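What follows draws every value from the coordinates through simple rules; no lab data is involved. No experiment lies behind these values; they were computed from the predicted model shown. Note that we place each Cβ from the backbone using ideal geometry, even for glycine, and neighbour counts take in every protein chain shown.
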Amino acid sequence: MDYIIEMLHITKEFPGIIANDDITLQLKKGEIHALLGENGAGKSTLMSVLFGLYQPEKGIIKVRNKEEKITGPLDANDLGIGMVHQHFKLVENFTVLQNIVLGMETTKQGFLRMKEARKKVMELSEKYKLLVDPDALISDITVGMQQRVEILKMLYRDNEIMIFDEPTAVLTPQEIEELMQIMRDLVKEGKSILFITHKLNEIKAVADRCSVLRRGKYIGTVEVADTTPQEMSEMMVGRKVNLTIEKKSSEPKEVVLEVKDLTVEAKKEGHTKKLVQNASFQVRRGEIVCIAGIDGNGQTELVHAITGLSDMSAGAVTINGEDVTKKPIRYRSTHGLSHIPEDRHKHGLVLDYNLAYNLVLQQYFEKEFQSSRFLKNDSIYKYAEKLIQDYDIRSSEGPFTVTRSMSGGNQQKAIVAREVSKTPDILLAVQPTRGLDVGAIEYIHKQLVKQRDAGAAILLVSLELDEVMNLSDRILVMFEGEIVADLDPKAITVQELGLYMAGAKKGGELS
Ligand SMILES: Nc1ncnc2c1ncn2[C@@H]1O[C@H](COP(=O)(O)OP(=O)(O)O)[C@@H](O)[C@H]1O
Ligand SMILES: [Mg+2]
């Protein structure tokens, strides 16, 4: 068999954990090979071993059938191996071109070299339809663009083996679609790709084969065409997973949240721009209303206005019939509003506090947890222990764990636990499953449906089309700051929803 890469029986340990335990991975030339596993399964570690960032304790690596010692990224590069890291490694205040050439420039005839480099970069970007402005600063371009720069960097170095570590976690649906196409073009030109993800639909869309890791161990490799998403997720999680969300049809009751003519304006370079324009809608008890849209169409500003994180220019927000437009964040939070925020590091958690304190972040001032300005630690830790149990929040030291050290999935579970345990009237969940693995997603979806059935009103803001279609009882589409459609998920297709999101279509029963 013609393998371009063989990682055989690789073991890599960190203090206290075997991140890779006897893992074998074989990459065929010209294939897209997915590496699937939940958070912490050992995927990035294995790829870092291949890229020379870590030395394994055991095992060997063969490149083009020859055993190689890869002692660093330079060795990897010499062998034609390139990697786009989970967190990009670009220099913010350099231009696109400078970043691509970085580390490859020669000192002599610097100017001429730069001219040649520019030519090569432009040719590559044309060939692979990776449109970039070579003179733009990295700090000025979108995340999707930055990713293209990373890909161009690999092409510029003539890398034949490309590792993509969770490349879609940060992209919009359109950008994901484009990346999939770019990957197909790359293999057509003879490149071989290792594609790390925990999204099964992406694997189905592009990968030829898929290897699965679970808790540091190798589970198996399958042909994607012959394997159902259900089977792959079972390999990944180690148990049956419910990919379809089970829920009864909704029975909406009284209105909890009402947003009326909400407008948010921003002044930029002397112009006033409407980020949210006259948004009006209601969310009732017992329904999940989803705001769908491509990232950056006013969802964040709308959410900030509803929660009180920032001001609105016009309009009103009422909760349970009470106008809270001028009320501060805490008032809304103690009067029925719970918020699972988009940015869990900025608005969701205090990363240097322990888990217990984070679990009472919205309630520590209540008399259950405080008397005469002293925190009642006994009650706080007892309460935390209960949430940790109920919501299956995993961490190394229970309530005493510093939240910064926890995995993304468990940080998110902590936020969900905190917000849901307040038994809110209206739960505003913003991209609650972003970047999470299947197990955690399933769990959070179940919680949202459970809250709905318990009588809460749920407003979900999501960029994930599957999530929007499967979870919501009603879909509001936001485009350029406006709510352009009010749709019944049972009556439309994903393709139609995509058209509304792209602004090509308007309609539904707009109130
Ligand atoms: N540099 C490191 N030091 C200590 N532990 C690490 C390090 N890198 C990863 N780990 C641990 O190894 C395990 C596998 O991590 P990782 O390879 O990043 O998983 P994945 O990419 O599949 O989410 C995790 O438990 C993680 O906490
Ligand atoms: Mg990783």
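In table form, for the structure just shown:
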read-out	value
Segments 363-371, 233-241 sorted - mean Cβ within 10 Å per residue, highest first	233-241, 363-371
Loop trypsin sites (Lys or Arg not before Pro), the range 124-172 (other Cβ atoms within 10 Å of the site Cβ: 11 or fewer; DSSP)	129
Mean projection area, nm², convex hull over Cα of the range 341-416	4.7
FRET efficiency, 1/(1 + (r/R0)^6) with R0 30 Å, evaluated for residue 470 and residue 89 via beta carbons	0.30
Global form of the chain, assessed from the alpha-carbon gyration tensor, a/c cut-off 1.5	prolate
Over 30 Å (Cα to Cα) - which of 240/490; 28/413; 199/248; 191/446 fall in this group	28/413; 191/446
Rounded to 5, percent antiparallel among DSSP beta bridges of the chain	55
Alpha-carbon centroids, the range 376-447 and the range 276-310: separation in whole Å	23
Degrees between helix 408-420 axis and first principal axis of the chain (Cα, 0 to 90, nearest 10)	0
Taking only Cα atoms of the range 320-383, radius of gyration then Dmax in Å	13.5, 38
5 Å-binned pair-distance histogram of the range 381-509 (Cα, whole percent)	2, 9, 19, 18, 17, 13, 9, 5, 5, 2, 0
Pairwise FRET efficiency - residue 491 versus residue 366, Cβ, R0 = 51 Å, nearest 0.05	0.70
Tail weight of P(r) past 17 Å, computed on alpha-carbon pairs of the range 164-242, percent	47
Length released on extending from residue 351 to residue 140, taking residue separation times 0.36 nm less the Cα-Cα span	73.2 nm
Electrostatic dipole magnitude of the range 1-125 [Cβ: Lys, Arg +1; Asp, Glu -1; Cα centre; debye, to 20]	620
Residue 404-residue 131 pseudo-label distance in nm [points 7 Å out on the Cα-to-Cβ vector]	4.2
